[in-house]
Amino acid sequence: MADISLDVHDAYTLTDGHLDLPVEVKENSKMGKKRLVTLYVSDEYVPGNDYFLIHSSGESSLVFTGKVVRTEAFDDRYYYDGELGALLTETGTIFRVWAPTATEVIVNIYNQSFQKRIELPMLKQDRGVFECSSTEGEGTLYTYSVYVNGEWRETIDPYAKAATSNCKFGMVVNTANTNPENWDPMAKPSLEKPSDTIIYELHVRDFSSQAKSGLQNKGKYKAFTEEPPEKNGIPSGLNYIKWLGVTHVELLPIQDFGSVDEMKPEPSYNWGYDPIHYFVPEGSYSLNSHEPYTRIREVKEMIASFHRKGLRVIMDVVFNHVYQLHASNLEKIVPGYFFRFDQGGKPSNGTGVGNDTASERKMMRKLIIDSVVYWAKEFGVDGFRFDLMGIHDKETMNDVRYALDCIDPTILLFGEGWHMNTILPDHRKAMISHASEMPRIGFFNDHYRDSVKGKLFDTRSNGFATGNFSVKEEVKKCIMGSVEDYFITASQSINYVECHDNHTLWDRLNRSHPDVNEEVKKQMHRLATAITLLSQGIPFIHAGQEFFRTKNGVEDSYKSPDKINRFDWQRMRAVQENVKYVKGLIAIRKHFKAFRMAEVHDLKRITFLDSPGPLLAYRIDQDETNETMIVIHNGGFHSDVIDIGHGEKWILAEGDLAGVEPIRKTSDKVLTIAPFNTIVLMTND
């Protein structure tokens, strides 16, 4: 607002040149060279019209739309539930954008040399939507220019389904022309229930970037479609993940992100938690980021390859913030609406990256749901992991769950339900303490992680698997899926001891136990992984965890080079005995339903046995067979003994061996358990 003389006690009029409105001026203050005032007006005020505040002396100033966009009244008045974006028709394209505070919006049409060819004015419709019907067809490059709060802003369409490099221009796309041969996004491996899931977390570029990976399309989506030969008896490429036996691969963000220049992705590296666009795949993983159709087709080919191998695909999605607030297309089109701000106009920063999106607002909620539904339907994505889910509100997350159920109820939905310091009342946050109000949504179980391996931010802290058996009672609850403390069903618990964040488990052990020899650290590592794979709930393992993955001690490698982050195929083959051990544990979990229960009444079949000090032992009675499973974990530095009763038993896991075929048979009543070891037995008694 211009720096005119303002006194809250004076008389003012608000006018758009056609209608004068009564107005009350409050909170007159200055911010630098700007004067900030709060105006209270009647319901006849129409955001987007050019209003002037006129003083009784005749002085006037242009009025900007501010906090009103963050009111429930604004949401109720302008919420639009129709389709947005570039909608291809038989005769051309309908461009539609939600911009209720804009005075004008123009569609800029560009040629293939990125030169502006024509400007098409858009007409304002109901509920703040601007629309333009044109004869422009498939392949048209476009942007929007929005005149809002006294200035023009050019930006890409938030609902564009295809884009040029670095999402500078949107493109009108016929998605049918991006489909691979015989494409069917709904042709996917079966999943009977969520607790059958075993998640393997992987970064697209890491998987193939190593020079000796045996893959040609290094760092690209296409690497997942290759069929490299076996080496030393172990498959390579995607066949390796299939061979390992997991059910789902969770990919770190593949929605377009801002920290890697798609025109020259080398040597830049990033995990991708800095989103630019929610409907377009990341271009740095494409063989040709310049051609908008290519990246879409390559992602579909990648997902089809996963599905053919019997693997489902989970997307890691980042709706809680954007790369840069003021460069965001959302902020350019409707300033102040899609993000949270405090009373002084400062952006909320619960995410720690400078901005928090406002999922509680109806059009942000709609964008989140529309994006997730698009990826599920168009690409056949089988699950979504919400980064910093605690930033979002419960209603939005439950609405996402409902929308996915309408497509395929076997699609997984889970996230990080941390308590985030964002400008949203705690009772509305989608955090783990509210899990009972989001019964079909899973949560990363940080209590599980800390109990098994030690507190995350204190590397001197140990968990049960690393020598601290004082937490045994807590680990028992974790093994039961934390249903007593947090969850309605065990399948809400995402059990993990390692993920892309923080140190790998191997690197943490090197810090927490510098004086312990390597063999003991391997035993601790195996124990932590075994507890994870045998607990009730959904096990989650980080790619490379099966071969003691190291990032050379780097704690958060989000922008470290490939030499730190790459999937080390050579290390995998060098410690293949441990890889086969993890594969064997996965096979045990998949073979015996006793390890895949979810409901509280089923969990009652678990009985914890009397066990000394560092031993944690339990039995699971199966209801469909006569088989009973016995699991014993030793979290101590010394061997110990336990009475397991009379009868013939078959040992399925011991030391560094595991599998559904028995290692040996025993009739011993008393069993000796080696340090940091897991034994799994089966009996018909």
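Suppose we keep only residues that are hydroxyl-bearing (Ser, Thr, Tyr), farther than 15 Å from residue 452 by Cα and touching a strand residue (DSSP E or B) at 6+ places or on another chain (Cβ under 9 Å) within segment 486-542. Which one would you say is surrounded by the fewest Cβ atoms within 10 Å (Cβ to Cβ)?
Step one: filter segment 486-542 for residues hydroxyl-bearing (Ser, Thr, Tyr), giving 486, 489, 491, 493, 496, 504, 512, 529, 532, 535.
Retained after the next criterion (residues that are farther than 15 Å from residue 452 by Cα): 486, 489, 491.
Next, from what is left, pick out any that are touching a strand residue (DSSP E or B) at 6+ places or on another chain (Cβ under 9 Å): 486, 491.
Working: 486: 20, 491: 25.
Ranking the qualifying residues of segment 486-542, first place goes to 486.
Quick check, is residue 219 surrounded by fewer than 22 Cβ atoms within 10 Å (Cβ to Cβ), modelled with pLDDT of 95 or more and of a type in the set (Gly, Ala, Ser)?
Values: surrounded by fewer than 22 Cβ atoms within 10 Å (Cβ to Cβ): no; modelled with pLDDT of 95 or more: yes; of a type in the set (Gly, Ala, Ser): yes.
No; evaluated as a whole, the condition is false for this residue.
Looking at 43, 81, which is the one that is of a type in the set (Asp, Glu), modelled with pLDDT under 95 and surrounded by fewer than 19 Cβ atoms within 10 Å (Cβ to Cβ)? Show your work before the answer.
On the way: 81 fails: modelled with pLDDT under 95.
Only one candidate passes the filter, namely 43.
Would you tally the residues in segment 207-223 being in contact with a Phe, Trp or Tyr (Cβ under 7 Å, 6 or more places away or on another chain) and either of a type in the set (Ser, Thr, Tyr) or in a helix (DSSP H, G or I) (or both)?
The number of residues fulfilling the criteria is 4.
Has segment 329-347 got any residue that is of a type in the set (Gly, Ala, Ser) and either buried (at least 23 other Cβ atoms within 10 Å of the Cβ) or not in a loop (DSSP other than H, G, I, E, B) (or both)?
Initial filter on segment 329-347 (of a type in the set (Gly, Ala, Ser)): 336, 344-345.
Still in the list and also either buried (at least 23 other Cβ atoms within 10 Å of the Cβ) or not in a loop (DSSP other than H, G, I, E, B) (or both): none.
The answer is no; no qualifying residue exists.
So how many residues does segment 643-664 have that are surrounded by fewer than 21 Cβ atoms within 10 Å (Cβ to Cβ) and part of a strand (DSSP E or B)?
So the answer is 6.
For residues that are assigned to a helix (DSSP H, G or I) and touching a strand residue (DSSP E or B) at 6+ places or on another chain (Cβ under 6 Å), tally how many sit in segment 407-459. Let's see the steps before the verdict.
Going residue by residue through segment 407-459, those that are assigned to a helix (DSSP H, G or I) are 407, 426-428, 432-437, 446-453.
Then keep just the ones that are touching a strand residue (DSSP E or B) at 6+ places or on another chain (Cβ under 6 Å); that gives 428, 432, 435, 448.
Residues meeting the conditions: 4.
If residue 96 satisfies every condition in (1) among the charged types (D, E, K, R); (2) closer than 28 Å to residue 16 by Cα; (3) in a loop (DSSP other than H, G, I, E, B) but one, which is the exception?
Residue 96 satisfies all of (1) among the charged types (D, E, K, R); (2) closer than 28 Å to residue 16 by Cα; (3) in a loop (DSSP other than H, G, I, E, B) except (3).
From 272, 283, 258, 237, grab the single residue that is within 16 Å of the chain's Cα centre (by Cα), modelled with pLDDT of 95 or more and among the small types (Gly, Ala, Ser).
Details: 283 fails: within 16 Å of the chain's Cα centre (by Cα); 258 fails: within 16 Å of the chain's Cα centre (by Cα); 237 fails: within 16 Å of the chain's Cα centre (by Cα).
After applying the criteria, what remains is 272.
Kindly list the number of the only condition in (1) modelled with pLDDT of 95 or more; (2) under 25 Å from residue 385 (Cα atoms); (3) out of contact with any His (no Cβ under 6 Å at 6 or more places or on another chain); (4) in a loop (DSSP other than H, G, I, E, B) that fails for residue 462.
Single failed check for residue 462: (2).
Suppose the filter is more than 19 Å from the chain's Cα centre (by Cα) and modelled with pLDDT of 95 or more; does residue 304 pass it?
Numbers: more than 19 Å from the chain's Cα centre (by Cα): yes; modelled with pLDDT of 95 or more: yes.
Against the criterion (more than 19 Å from the chain's Cα centre (by Cα) and modelled with pLDDT of 95 or more), residue 304 qualifies.
Quick grid of which residues meet (1) hydrophobic (A, V, I, L, M, F, W, C); (2) part of a strand (DSSP E or B):
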position	(1), (2)
139	no, no
142	no, yes
187	yes, no
205	no, no
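Which residue out of 230, 181, 151, 226 is of a type in the set (Asp, Glu), surrounded by fewer than 21 Cβ atoms within 10 Å (Cβ to Cβ), free of Cβ contacts under 8 Å to residues at least 24 places away in the same chain and under 28 Å from residue 112 (Cβ atoms)?
Values: 230 fails: under 28 Å from residue 112 (Cβ atoms); 151 fails: under 28 Å from residue 112 (Cβ atoms); 226 fails: under 28 Å from residue 112 (Cβ atoms).
181 is the lone residue from the list that is of a type in the set (Asp, Glu), surrounded by fewer than 21 Cβ atoms within 10 Å (Cβ to Cβ), free of Cβ contacts under 8 Å to residues at least 24 places away in the same chain and under 28 Å from residue 112 (Cβ atoms).
I'd like to check something: does segment 310-319 contain any residue that is in contact (Cβ under 8 Å) with a residue 40 or more places away in the chain and farther than 28 Å from residue 499 by Cα? Give the steps one after another, and end with the answer.
Taking segment 310-319 and keeping what is in contact (Cβ under 8 Å) with a residue 40 or more places away in the chain, we get 310-319.
Remaining after also requiring farther than 28 Å from residue 499 by Cα: none.
No, segment 310-319 contains no residue that is in contact (Cβ under 8 Å) with a residue 40 or more places away in the chain and farther than 28 Å from residue 499 by Cα.
Quick one: in segment 52-78, which of the residues that are among the β-branched types (Val, Ile, Thr) and without any contact (Cβ under 8 Å) to a residue 24 or more places away in the chain is surrounded by the fewest Cβ atoms within 10 Å (Cβ to Cβ)?
Among them, the one singled out is 71.
Being assigned to a strand (DSSP E or B), out of contact with any His (no Cβ under 7 Å at 6 or more places or on another chain) and hydroxyl-bearing (Ser, Thr, Tyr) is the filter; apply it to segment 665-685 and report the residue that is surrounded by the fewest Cβ atoms within 10 Å (Cβ to Cβ). First the steps, then the outcome.
We begin by selecting, within segment 665-685, every residue assigned to a strand (DSSP E or B); these are 665-666, 670-673, 677-683.
Retained after the next criterion (residues that are out of contact with any His (no Cβ under 7 Å at 6 or more places or on another chain)): 665-666, 670-673, 677, 679-683.
Remaining after also requiring hydroxyl-bearing (Ser, Thr, Tyr): 666, 672, 683.
Values: 666: 18, 672: 12, 683: 17.
Step by step, filter segment 665-685, then rank; the result is 672.
The values are calculated or read from the model by the stated rules, or taken from the named source; none is laboratory data. Keep in mind that this is a model prediction, so the values were computed, not measured. Every residue, glycine as well, gets a Cβ built from its backbone with ideal geometry; the counts of neighbours run over all protein chains shown.
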